[in-house]
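Just so you know, all these numbers are worked out from the coordinates, no wet-lab data involved. Here the structure is a predicted model, which means the values were calculated and not measured. Every residue, glycine as well, gets a Cβ built from its backbone with ideal geometry; the counts of neighbours run over all protein chains shown.
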Amino acid sequence: MSLVSRLFTFGQGYFISIITFTLFILSSPTAKIASQRGASVALGFFGAGVSWVYVSIAEYGQVGVIIAAMITLAFVAVLCLFWAFSAWLSWRLINKFSQLPTSIWVTLALLLGEFARSTLFTGFPWLLPGYAIENTWLFELLPIGGIWLSSAVVILTVSTIASLLLKESNHIFPALTVLAVWAGAAFLSYFPVS
């Protein structure tokens, strides 16, 4: 068991990663810097999240420690490209459409990056944001909208918190949306529809 998995659960790690991701985007002076910062957050997140790939390659692939580390690092680098693109796109959208809430753009861009990562190129759907809600009220949303609805709610929740921390304007609508969704999920948790 790695040190990271002993300190944090997957859900906590995802929330920390997305809030850092959002704060880095909102505080970046250029899209290029936002992209680099997004990649750095992804490096930590995916480096910790796919550590089992290294163990699998080294132990069962019988290729040795150095080659297993190189393969795993290359894999993590590819995964980081999706978050780098999402950060770049978020920054561009936030600055082009500044009248809309920043958390909306971060949510849409990161969902697009996660969709691309899980379907088009790597086919690696693990570590999606929606899996972070396993022991929360939001778990009730899975039968309604699947992993993508729960992922959208997780990203919107955390990016709205980041916007509130930075005292961004136009955050009332996303905050009310997040509260309504969490309240609805809590209601479904305590009063399930049969």
* **Between 0 and 90°, nearest 10: helix 172-190 axis offset from the chain longest Cα axis** => 80 degrees
* To do: Could you point to the residue in LEU149, SER118, LEU100 farthest towards the positive end of segment 52-194's charge dipole, with +1 and -1 charges on the Cβ of Lys/Arg and Asp/Glu respectively?
  => LEU100
* To do: Which order do the peptides 183-190, 13-20 take when ranked by the mean count of other beta-carbon atoms within 10 Å per residue, highest first?
  => 13-20, 183-190
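Based on the mean of other Cβ atoms within 10 Å per residue, sort peptides 43-50, 60-67, 141-148 so the most packed one is first.
43-50, 141-148, 60-67
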* Structure fact -> Long-range share for segment 9-190, i.e. C-alpha pairs more than 19 Å apart as a percent of all pairs, stands at 58 percent
